[in-house]
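Taking it in order: structure first as structure tokens, then the write-up.
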Amino acid sequence: MTATTRTPAAAPAEAIAHFSARLAFETDAADVAADLASGAPGLVVVDSRGAAGWEQGHVAGAVHLPTAEIAGRAAAVVPPGATVVVYCWGPGCNGATRAALEFARLGHPVKEMLGGFEYWAREGHPVETGDGRPVHRSPDPLTAPAPGVACAC
């Protein structure tokens, strides 16, 4: 027995249910970036951080809707039927989870972007400041494929 197999892996049917459910609730920065770049319809990316985080830098094309304001402002920001993708600072923050819960309570289809703004920026995806200025960042080679190399996952 190894450290990995000390607890046996789930049966395939249970694994299918688990991983399918995770994909229904989560997405990643690369998929969101691809959808935004292609102009995929029916997607609203929401930055749920406070004003200081938004001003410092955010996903280019995102809308700013702090979690505390979702209940009061979501109807004005999210078209009916749109899928909402929420993010907060990074993997050590559960702010996006709280924001996703608020959108779900309002009846919106919602997903959380894994890694949050941290991984969006570290992977070199488009970032802009609060006044709309683009911020050019090189991808961190430990979090994104080198230029010309595809993740292919």
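The values are calculated or read from the model by the stated rules, or taken from the named source; none is laboratory data. From a predicted model like this one, the values you see are computed outputs, not experimental measurements. Positions of Cβ are generated from backbone atoms using ideal geometry, with glycine treated the same way; all protein chains shown enter the neighbour counts.
Which one of these is modelled with pLDDT under 95 and touching an Asp or Glu at 6+ places or on another chain (Cβ under 9 Å): P91, P66, P80? When all the criteria are applied, what remains is P91. Against the conditions (1) of a type outside the set (S, T, N, Q); (2) at pLDDT below 95; (3) assigned to a loop (DSSP other than H, G, I, E, B), A40 satisfies every one except (2).
Among the residues making up region 35-72, a single one is closer than 18 Å to T97 by Cα, without any contact (Cβ under 8 Å) to a residue 12 or more places away in the chain and not small (G, A, S): E69.
Each row is one residue, and each column tells you yes or no for (1) of a type outside the set (S, T, N, Q); (2) outside any strand (DSSP E or B).
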| residue | (1), (2) |
| --- | --- |
| V86 | yes, no |
| G90 | yes, yes |
| E102 | yes, yes |
| E112 | yes, no |
| A121 | yes, yes |
| G132 | yes, yes |
| S138 | no, yes |
| P141 | yes, yes |
| A144 | yes, yes |
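Considering only residues that are over 17 Å from H125 (Cβ atoms) and either surrounded by fewer than 15 Cβ atoms within 10 Å (Cβ to Cβ) or among the β-branched types (V, I, T) (or both), which ones fall in region 51-68? Passing the criteria: A51, A52, E55, T67, A68. Criterion applied to E55, E102 was being under 21 Å from T129 (Cα atoms), more than 14 Å from the chain's Cα centre (by Cα) and at pLDDT 95 or above, and the one residue passing it is E55. Quick one: T83 ticks every box in (1) under 15 Å from the mean Cα position of the chain (by Cα); (2) buried (at least 19 other Cβ atoms within 10 Å of the Cβ) except a single one, so which number is it? All conditions are met except number (2).
When the criteria are applied in full, G130 fails the requirement of being at positive phi and modelled with pLDDT under 95. Taken together, P134, P79 contain a single residue that is without any contact (Cβ under 8 Å) to a residue 60 or more places away in the chain and either in contact with a strand residue (DSSP E or B) (Cβ under 8 Å, 6 or more places away or on another chain) or among the β-branched types (V, I, T) (or both), which is P79. Please verify whether region 131-143 includes one or more residues that are surrounded by 18 or more Cβ atoms within 10 Å (Cβ to Cβ), within 22 Å of D35 (Cβ to Cβ), out of contact with any helix residue (DSSP H, G or I) (no Cβ under 6 Å at 6 or more places or on another chain) and not aromatic (F, W, Y). Among the residues of region 131-143, not one is surrounded by 18 or more Cβ atoms within 10 Å (Cβ to Cβ), within 22 Å of D35 (Cβ to Cβ), out of contact with any helix residue (DSSP H, G or I) (no Cβ under 6 Å at 6 or more places or on another chain) and not aromatic (F, W, Y), which makes the answer no. From the list A60, A24, the lone residue that is out of contact with any Leu (no Cβ under 7 Å at 6 or more places or on another chain) and either under 30 Å from R133 (Cβ atoms) or modelled with pLDDT under 95 (or both) is A60. Of all residues in region 98-110, those that are within 20 Å of G50 (Cα to Cα) have Cβ atoms under 6 Å from Cβ atoms of residues that are in a helix (DSSP H, G or I) and of a type in the set (F, W, Y), 6 or more apart or on another chain, in V110/F103.
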